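The values are calculated or read from the model by the stated rules, or taken from the named source; none is laboratory data. It should be emphasised that the depicted structure is a prediction, and the values quoted were computed from it without experimental measurement. All Cβ positions, even for glycine, are placed from backbone atoms using ideal geometry, and neighbour counts span all protein chains on display. When the accessible area is computed, the model is the full protein with side chains, heavy atoms only, and any ligands, DNA or RNA have been set aside. Shrake-Rupley method; radii C 1.70, N 1.55, O 1.52, S 1.80 Å.
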Amino acid sequence: WQLNKIGNHLGSRNYGIYWTAEDYKTGVYHQDIIEDGSGMRRRNFPDGLWGWYFKLYDQKAPVSGIVYEYLQTTDQSGPVHSTEEGLSGDDNYFNHGTYQSGWTHYNMTIGTPFITSPLYTIDTDHPRNYRIWNNRVTAHHFGIKGSVLEGLKYRALISYSKNEGVYGSMTTVPEVFEIETPRYQWSWLLDLHYDLPTIDQMKIGLSMAGDTGKMYGDNWGLMLKVSYTGGFFKQPTK
């Protein structure tokens, strides 16, 4: 442990160019991933999150906001990590040799949903193995929001990911977690909410979401929401 200290060292540098106008604002941005010295030296380029957004100040417009993001975590400074050969690849994002759960909280990865959480890959035959077995991902994410009718607003999100598991030069991958060929996945969300004209500050909403693909299978969900903002009782006036 003279060269590496026990602990999980993580970092990210954030770059962006933003433009603000009278009616809108827009910008492009990039967040890189740092797990070790090779990441500090940017040998894992082009890994990271790349994005663009556009937002109107008029929230009643049919399209008031758009975002597109591209995530890549497949390079990892190369496939091999070997101190003897001077190769510092296989950055193995979010994993750690000593702390088996890695960069997670309650078995859920922190920071991005595309690096698969241990919660979804726990091997029932080895319940203590909480490592991340899919951190080589390429993903496209698109979102749009706006207003279609008076008081009725929408938000639509869709993502497409290519999942390639882990390199495996630093850790022997159990057979149950091996991804021999890429697994593709679609995920989407449609969120609607309506401001009730008869009751101030009350909203009703409907959310529908789903997955389809080889990584997480086919899943569907539906949620009905009722929310109220503000106090329930009027304050007495003097």
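Sort Tyr57, Tyr120, Tyr93, Tyr24 by accessible area with a 1.4 Å probe, largest first. Write out the running numbers ahead of the final one.
Numbers: Tyr57 105, Tyr120 145, Tyr93 0, Tyr24 75 Å².
Of Tyr57, Tyr120, Tyr93, Tyr24, the descending order of accessible area is Tyr120, Tyr57, Tyr24, Tyr93.
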>> With +1 on the Cβ of every Lys and Arg and -1 on the Cβ of every Asp and Glu, and nothing else charged, how large is the dipole of the range 128-209 about its Cα centre, in debye rounded to the nearest 20?
In response: 160
> Counting only the heavy atoms of the protein chains, how much of Phe45 is accessible to a 1.4 Å probe, in Å² to the nearest 10?
Replying inline: 120
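Multiplying the sequence separation of Asn8 and Leu149 by 0.36 nm and subtracting their Cα-Cα distance, what value in nm do you get?
In short, 45.9 nm is gained.
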> In whole Hz, what ³J(HN,Hα) sequence does the range 48-61 give by Karplus (6.51, -1.76, 1.60; θ = phi - 60°), x for Gly and Pro?
Replying inline: x, 9, 10, x, 9, 9, 9, 9, 8, 6, 7, 6, 8, 5
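Which entries of Lys153/Lys203; Lys162/Lys225; Lys145/Lys214; Lys55/Lys203; Lys25/Lys225; Lys153/Lys214 show an alpha-carbon separation above 21 angstrom in the structure shown? Let's see the in-between values first.
Values: Lys153/Lys203 11 Å; Lys162/Lys225 32 Å; Lys145/Lys214 28 Å; Lys55/Lys203 23 Å; Lys25/Lys225 30 Å; Lys153/Lys214 32 Å.
Lys162/Lys225; Lys145/Lys214; Lys55/Lys203; Lys25/Lys225; Lys153/Lys214, as the Cα separations exceed 21 Å there.
Relative contact order for the range 1-147 using alpha-carbon pairs under 8 Å, separation at least 6, rounded to a whole percent? Working shown, then result.
Numbers: 287 pairs, mean separation 31.9, N = 147.
Relative contact order of the range 1-147: 22 percent.
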> Residue by residue, what Karplus-based ³J(HN,Hα) values in Hz, rounded to whole numbers, does the range 30-38 have, using 6.51, -1.76 and 1.60 with θ = phi - 60° and x for Gly and Pro?
Replying inline: 8, 10, 8, 10, 10, 10, 7, x, 5
> What is the magnitude of the charge dipole of the chain about its Cα centre, with +1 placed on the Cβ of each Lys and Arg, -1 on the Cβ of each Asp and Glu, and no other charges, expressed in debye to the nearest 20?
Replying inline: 980
> Per-residue ellipticity at 222 nm for the chain, helices alone: DSSP H runs ≥ 4 residues times -39500 (n - 2.57), over residue total, nearest 500 deg cm²/dmol?
Replying inline: 0 deg cm²/dmol
>> Test of understanding: express the Cα radius of gyration of the chain as a ratio to 2.2 N^0.38 Å, with N the residue count.
In response: 1.25
> Which sequence of Asp191, Asp218, Asp75 reflects their accessible areas, 1.4 Å probe, from the largest down?
Replying inline: Asp218, Asp75, Asp191
>> Suppose each label sits 7 Å from its Cα in the direction of the beta carbon; what would the Leu157-Ala209 distance come out to in nanometres?
In response: 0.7
> At a Förster radius of 25 Å, what calculated FRET efficiency corresponds to the Cβ-Cβ distance of Ala61 and Tyr228, to the nearest 0.05?
Replying inline: 0.45
> Tell me, what is the 1.4 Å probe accessible area of Tyr228, in Å² to the nearest 10?
Replying inline: 80
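May I ask you to derive the FRET efficiency for Met40 and His105 from their Cβ-Cβ distance with R0 = 25 Å, giving the value to the nearest 0.05? Spell out each step's value before the answer.
On the way: r = 25 Å, r/R0 = 0.99.
In this case the efficiency is close to 0.50.
On the protein heavy atoms, probe 1.4 angstrom, tell me the percent of accessible surface of the chain carried by carbon and sulfur.
Values: 9070 of 15270 Å².
Here carbon and sulfur together make up 59 percent of the probe-accessible area.
What whole-number value in Å² describes the accessible area per residue of the chain for a 1.4 Å probe? It would help to have the intermediate numbers written out before the result.
Details: 15270 Å² over 238 residues.
On a per-residue basis, 64 Å².
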> Going by accessible area, probe 1.4 Å, with all protein chains left in place, what is the ranking of His140, His96, largest first?
Replying inline: His140, His96
>> Among Pro174, Leu189, Gly213, whose Cα projects farthest towards the positive end of the dipole of the range 128-238, with charges put on the beta-carbon of Lys, Arg (+1) and Asp, Glu (-1)?
In response: Leu189
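Given R₀ = 22 Å, FRET efficiency for Leu189-Leu119 by Cβ-Cβ distance, to 0.05?
0.70
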